[in-house]
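Read the figures in this text as sums done on the coordinates, not as results from a lab. This one's a predicted model, so the numbers in the text were calculated from it and none came from an experiment. Heads up, the Cβs are rebuilt from the backbone with ideal geometry, glycines too, and the neighbour counts pull from every protein chain shown.
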Amino acid sequence: MRNTNLNKVPLGEDAHSWVLCSDGTIRHNAEEKYKIVDIPQEGDILGVSYDHVELNFYINGKPTNTPVTSFKGTVYPALYVDDGAIMDVIFENFNHGPPPGYDSIMVEKSLLEND
């Protein structure tokens, strides 16, 4: 995200951002990479998992089967809505449990930092 202009939306128009759009497309580098079957609707719960290799999206606890890979470097999550939409963000006590092998968000901390 350090190389992405967060003031220029929609994201997904450059080589440094991936975005799940309201029309169900997953965009990267100004290209449609995936089109999910079940387009998100008002009231749906969107989920995201990332394990340093693969980024996955979920709608109402069900995987969209659109794995995003080939990340290099540090990953910075960003969430946004436009057109007067409202978004609630939950980082614990999930409505849908995380996928197998996942837990709540893990904040990484450098072992070299001084406390």
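Remarks
- The stretch 46-63 - phi-based ³J(HN,Hα) in whole Hz, Karplus 6.51/-1.76/1.60, Gly and Pro as x: 9, x, 9, 10, 8, 10, 6, 10, 9, 10, 10, 10, 9, 10, 6, x, 9, x
- Simple spin-label estimate for residue 53 and residue 19 in nanometres, 7 Å along Cα-Cβ: 2.9
- Taking a straight line from the alpha carbon of residue 62, these aspartates and glutamates sit under 15 Å away, with near neighbours fewer than eight places off in the same chain left out: 38, 44.
- Mean-square fluctuations from a GNM of the chain, with a 10 angstrom spring cutoff on Cα atoms, peak among 42, 13, 31 at 42.
- Label zone at residue 44 (point 7 Å along Cα-to-Cβ), backbone N below 17 Å, the stretch 1-27: 19-27
- P(r) weight above 11 Å for the stretch 1-42, C-alpha pairs, percent: 61
- Long-range HN-HN contacts of residue 17 with modeled amide H, under 5 Å: 12, 29
- For residue 60, the residues whose amide H sits under 5 Å from its own are 45, 46, 47, ignoring neighbours fewer than 5 places away on the same chain, with H placed 1.01 Å from N.
- Amide H contacts of residue 34 (H built 1.01 Å from N, under 5 Å, at least 5 apart or other chain): 26
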